[in-house]
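Trainee: I'd like to ask some things about the structure below.
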Amino acid sequence: MLDLTGKNALVTGIANNKSIAWGIAQQLHKAGANLGVTYLPDDKGRFEKKVAELVEPLQPSLFLPLDVQDGAQVDALFAAIQEKWGKLDILIHCLAFANKDDLTGEFSSTSRAGFTLALEVSAYSLISLSHGAKALMTEGGSIITLSYLGGVKVIPNYNVMGIAKAALEMNVRYLASELGPHNIRVNGISAGPIRTLASSAVGGILDMIKHVEASAPLRRTVTQTEVGNTAAFLSSDLSSGITGQILYVDSGYEIMGMA
Ligand code: NAD
């Protein structure tokens with residue numbers, strides 16, 4: 001039985017009710033976890049208000065700003081967790097960013113700044129958040145990130161984000177190796193294409209979804225809830241022997257050689 005009662009779970013990356021992180025937060029809550037939620041701060045406070053209203057029914061006991069490019073915010077986040085919870089059990093890293101210009105057209109046109117930005121936000125952030133989590137996962141823990149097939153195979157327009165996801169997946173392996181002796185597991189979920197704010201920036205995402213619906217073994221793409229259920233499994237003791245893995249939740253699309 002999947003039971004996360006008594007577990008403290010930090011969920012990053014909720015922007016709206018289409019976010020994969022929202023699907024994950026709902027499933028962790030359903031399994032009994034105590035939630036902490038972060039939002040990306042902006043000048044007008046729009047995300048804060050929107051995310052606060054959305055997550056209110058899940059009654060998170062922590063609600064904090066997090067821009068992963070701001071080291072002081074990362075430090076403040078873990079200081080707040082230490083003070084309020086004392087320990088952390090689950091970290092959901094469910095965020096990424098690249099300039100829209102870098103998610104369409106010629107890959108060789110990627111700028112130095114665009115490359116650095118995408119890699120910092122989408123891949124380095126798993127390292128910095130895991131560093132903070134390690135100190136607080138005193139009773140072991142589970143760290144989960146979100147990847148995509150474009151990190152291992154060429155997908156039209158995914159471009160620089162594919163490089164970021166390749167780095168992210170390798171981060172999972174290095175972190176799993178380091179943190180395993182502390183009974184902290186690190187895994188990734190490689191989700192099939194889902195319409196969200198982030199994916200709408202990738203050129204041709206709707207065509208990609210149609211392609212998956214036509215050719216994946218299950219003849220459909222996946223939902224935020226299905227990804228959330230897998231995240232709940234990877235957060236729980238039911239997956240206690242699994243670390244360093246990238247689990248595909250993609251209706252089976254990844255196995256196809258000629259889709
Ligand atoms: P989303 O737009 O709902 O979520 C992306 C989140 O990243 C947002 O909440 C945003 O606030 C956050 N973010 C961006 N820059 C940030 C920063 N500097 N600091 C902190 N947070 C920041 O889109 P999503 O599709 O739910 O994306 C979540 C994760 O899932 C991403 O890693 C994405 O690459 C991955 N993923 C998405 C799909 C898909 O098809 N939607 C498929 C596979 C993997």
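The values are calculated or read from the model by the stated rules, or taken from the named source; none is laboratory data. This structure is a prediction, so every number in the text was calculated from the model and none was measured. Reconstructed Cβ throughout: ideal geometry from the backbone, glycine too, with neighbour counts over all protein chains shown.
Residue by residue, here is whether (1) modelled with pLDDT of 95 or more; (2) among the aromatic types (Phe, Trp, Tyr) holds:
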position	(1), (2)
Leu4	yes, no
Ala9	yes, no
Ile20	yes, no
Ile24	yes, no
Tyr39	yes, yes
Phe47	no, yes
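Trainee: Now for a different question. Against the condition of a type outside the set (Ser, Thr, Tyr), surrounded by fewer than 20 Cβ atoms within 10 Å (Cβ to Cβ) and either in a helix (DSSP H, G or I) or within 16 Å of the chain's Cα centre (by Cα) (or both), how does Ala135 come out, does it pass? Full working, then the answer.
Mentor: On the way: of a type outside the set (Ser, Thr, Tyr): yes; surrounded by fewer than 20 Cβ atoms within 10 Å (Cβ to Cβ): yes; either in a helix (DSSP H, G or I) or within 16 Å of the chain's Cα centre (by Cα) (or both): yes.
The answer is yes for Ala135.
Trainee: Counting just the residues of segment 149-201 that are within 10 Å of the ligand (Cβ to nearest atom) and in a strand (DSSP E or B), which one comes out surrounded by the fewest Cβ atoms within 10 Å (Cβ to Cβ)? Quick ask: steps written out before the conclusion?
Mentor: Here is the first cut: in segment 149-201, the ones within 10 Å of the ligand (Cβ to nearest atom) are 149-151, 158, 161, 164-165, 168, 188-201.
Filter once more, keeping what is in a strand (DSSP E or B): 188-191.
Numbers: Gly188: 27, Ile189: 27, Ser190: 23, Ala191: 27.
If we take residues in segment 149-201 being within 10 Å of the ligand (Cβ to nearest atom) and in a strand (DSSP E or B), then Ser190 is surrounded by the fewest Cβ atoms within 10 Å (Cβ to Cβ).
Trainee: Then there's this: Using beta carbons and a limit of 8 Å, which pairs, at least six apart or on different chains, have the first residue in segment 120-131 and among the aromatic types (Phe, Trp, Tyr) and the second one at pLDDT below 95 and near the ligand (Cβ under 10 Å from one of its atoms)?
Mentor: none
Trainee: Of the conditions (1) touching a Leu at 6+ places or on another chain (Cβ under 8 Å); (2) modelled with pLDDT under 95, Val227 clears all except one; give me its number.
Mentor: Val227 satisfies all of (1) touching a Leu at 6+ places or on another chain (Cβ under 8 Å); (2) modelled with pLDDT under 95 except (2).
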